[in-house]
Amino acid sequence: MFHSRSVPSAAAASSSRRSGLTLTHWTTPAESPIRATDGVSVASSRLDAACAVGERCRDGHEPEAARAAFLSAILADPPCERGCWQLGALAFARKDPKDSARWLEFVARLLRARVADQDALAVYRQIATLTPSRRDVQELVRVGSLNGALPD
């Protein structure tokens, strides 16, 4: 269900691989590109610990514990792209498309903030697949597909 037929450019694809964005399924990035600065190692260590716990819980088939761990990762380092991806995947596994789309929208906004419009457009396409009733997302995908860039 989560795939796109076209990857716009090699630069966007390499940016996607670095951020953990894959168009066929969700993965956990080894290093999230949006992280706390080196001077704030406490938040970074809390983020890594919370994400590691969340991944172990997810692999151990304890979705509620995984959800709590990823939420704590987001609280430890608010623009936690890794936690948002995983919460979206957990919501999708629960068959909750609205919650999954909400977490994916956070990821898309983080990508737009990094001016990775092509990657954000791919995420918006996934959101449009999950929630076909969201006309705002469909319009954003339509305009982004025509122009090659997302509108401000």
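The values are calculated or read from the model by the stated rules, or taken from the named source; none is laboratory data. Values in this document were obtained by computation on a predicted structure and should not be read as measured data. Cβ coordinates were reconstructed from backbone atoms using ideal geometry, including for glycine residues, and neighbour counts include every protein chain displayed.
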Practice task
Evaluate the following for Ala76: is it more than 19 Å from Cys51 (Cβ to Cβ), of a type outside the set (Lys, Arg) and either free of Cβ contacts under 8 Å to residues at least 24 places away in the same chain or out of contact with any Phe, Trp or Tyr (no Cβ under 6 Å at 6 or more places or on another chain) (or both)?
Solution key: no
Practice task
Considering only residues that are surrounded by 13 or more Cβ atoms within 10 Å (Cβ to Cβ) and at pLDDT below 85, look in the stretch 132-152 and name the one that is nearest to the chain's Cα centre (by Cα).
Solution key: Leu150
Handout entry: Candidates Leu111, Leu104 - the one that is touching a residue at least 40 places away in the same chain (Cβ under 8 Å) and either closer than 22 Å to Asp152 by Cβ or among the β-branched types (Val, Ile, Thr) (or both)
Key = Leu111
Practice task
Check Arg125 against each of (1) among the charged types (D, E, K, R); (2) touching a residue at least 40 places away in the same chain (Cβ under 8 Å); (3) out of contact with any Leu (no Cβ under 9 Å at 6 or more places or on another chain) and name the one condition it does not meet.
Solution key: (3)
Completion exercise
Filter the stretch 57-81 for residues that are of a type in the set (Gly, Ala, Ser) and crowded, with 20+ Cβ neighbours inside 10 Å; the one that is nearest to Lys95 (Cα to Cα) is Ala66
Practice task
Kindly establish whether Ala89 is hydrophobic (A, V, I, L, M, F, W, C), in a helix (DSSP H, G or I) and modelled with pLDDT of 55 or more.
Solution key: yes
Completion exercise
Here the residues within the stretch 55-83 that are at pLDDT below 90 and either closer than 14 Å to Val123 by Cβ or basic (Lys, Arg) (or both) are Arg58, Glu81, Arg82
Practice task
Check whether at least one residue in the stretch 97-106 is at pLDDT below 90, crowded, with 22+ Cβ neighbours inside 10 Å and assigned to a helix (DSSP H, G or I), and report yes or no.
Solution key: no
Practice task
Kindly list the number of the only condition in (1) part of a helix (DSSP H, G or I); (2) at pLDDT below 90 that fails for Val115.
Solution key: (1)
